[in-house]
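As structure tokens, the structure follows; a few thoughts come after it.
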Amino acid sequence: MSDTVQPVRPPIARLRKLRAVELFVPALTESADFYSEVWGLETVDADKNAAWLRGTGEEHHILRLTRAGRVGLGRIAFAVGTRAEVDEAARRLAGRGIAPVHGPGPLEQAGGGYGLRFTDPEGRLVEISALVEAVPERGRDAAVPVGVTHTVLNTVDIDAAVAFYCDVLGLRVSDWSEHQMAFLRVNTDHHCIAFNQAEWTSLNHVAYEMHSVDHFMRGLGRLRHHGITPKWGPGRHGPGNNTFSYFTDPSGLVCEYTSEVEQIVEDKWIARVWRRVPELSDLWGTAGPPGEEIRSHMAGVPDPGPLAAPVDAAVSDENPSGHENPSANENAAGDENSAGDKKSAGDEKPARPGNPGHENSAGVTA
């Protein structure tokens, strides 16, 4: 046996933030109208098969809606600083035996940019990009989203998912919610990606940042004027300390308004394992437990990933989300239940708490 110590490989890039999310939707027009006329985003470009929408921040777009035969996650896009970083990321990917499915090269999309795309072990499409067109900020008086702040992903193997995103992409573990959820960050925000242990791979929800608690509450009021009330919320989660209110879009995908996510001081933060109890899922005690309907939507339907062979959609005008089982998998409800016992942060090799066999392992995070 060799005593040679193998060098630790660095992550492929220093990611700056979660830039945008792409969603597959069967009803493109209806979904685009919802996000632009109700949710508070602004359409910056559109064609017969896709729409690109921005928030009030400087990102060209934070959401792409793509017409598809089924609901699902199209891609998650992270920002890096330069073209050279994208090229270096491609070289490091190759060194790990991971072949990009696009790039490095120009991105043929609204807003342009230079990037590469590859798949994670469960088939999700990940994009790393730079030089995407910036747009002037819209101002922050209106109670509408600034940008996309995090997405929660249902996974069949939370340990493998956390290991890949930390080792390859350089995310750091901020907290665990028992062994049901893991919260990962790229910058000072407590999390931009969270994984929820579930029976199948799918999108749990996408969260949109509101500038303040005042904007958050006024946003809920604006939605109420459209006849839309939360499926769960308002409340404030334990992990991340962020406010929450969850809704569903016309395709049945879950979208969240949130604000005041906890800010991490890198050299002082110690990750915790939060207990999954109602009083820590909602620190305010205003939301109550998530109901069966929102749990079902958070569970979603099995998603083979955007590069899987097209399938006939199990969707219709009566069932646009493809949710066949309204009482779907409680575990996939991705809940931010919890508080906790302190644990070593373990950024290089994040601590993975044992599963205490909690009967209600539904999640529901930030």
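The values are calculated or read from the model by the stated rules, or taken from the named source; none is laboratory data. These figures come from a predicted structure and were not determined experimentally. Please note: Cβ atoms are built from the backbone with ideal geometry, for glycine as well, and neighbour counts cover all protein chains shown. Heavy atoms of the whole protein, side chains included, go into the accessibility calculation; ligands, DNA and RNA do not. Shrake-Rupley method; radii C 1.70, N 1.55, O 1.52, S 1.80 Å.
Overview of values
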quantity	calculated
Long-range HN-HN contacts of residue 63 with modeled amide H, under 5 Å	21, 53
³J(HN,Hα), Karplus 6.51/-1.76/1.60, whole Hz, each residue of region 259-274, x for Gly, Pro	7, 6, 5, 4, 9, 9, 9, 4, 8, 10, 6, 10, 5, 10, 10, 7
Whether region 41-143 is rounded, prolate or oblate, judged on the alpha carbon gyration tensor where a/c under 1.5 counts as rounded	oblate
Of 35, 55, 69, farthest towards positive along the dipole that unit charges on Lys, Arg, Asp, Glu beta carbons give region 1-131	69
Under 5 Å, built H, 5+ apart or other chain: amide partners of residue 153	194, 195, 196, 204
Heavy-atom accessible surface of region 94-181: percent carbon and sulfur, 1.4 Å	51
Rg/Rh for region 168-218, where both radii come from Cα atoms and Rh is the Kirkwood radius	1.04
Long-range amide H partners of residue 78 with built H, under 5 Å	19, 127, 128, 129
101, 8, reordered so the largest accessible area comes first (probe 1.4 Å)	8, 101
Principal axis dimensions, largest first and in whole angstrom, of region 1-88 by Cα	62, 30, 20
Table column - 3J(HN,Hα) (Hz), region 127-141, Karplus curve with 6.51, -1.76, 1.60, x for Gly and Pro	10, 10, 9, 9, 6, 6, 3, 9, 10, x, 4, 8, x, 10, 6
Probe 1.4 Å, protein heavy atoms only - accessible area per residue of region 4-86 in square angstrom	41
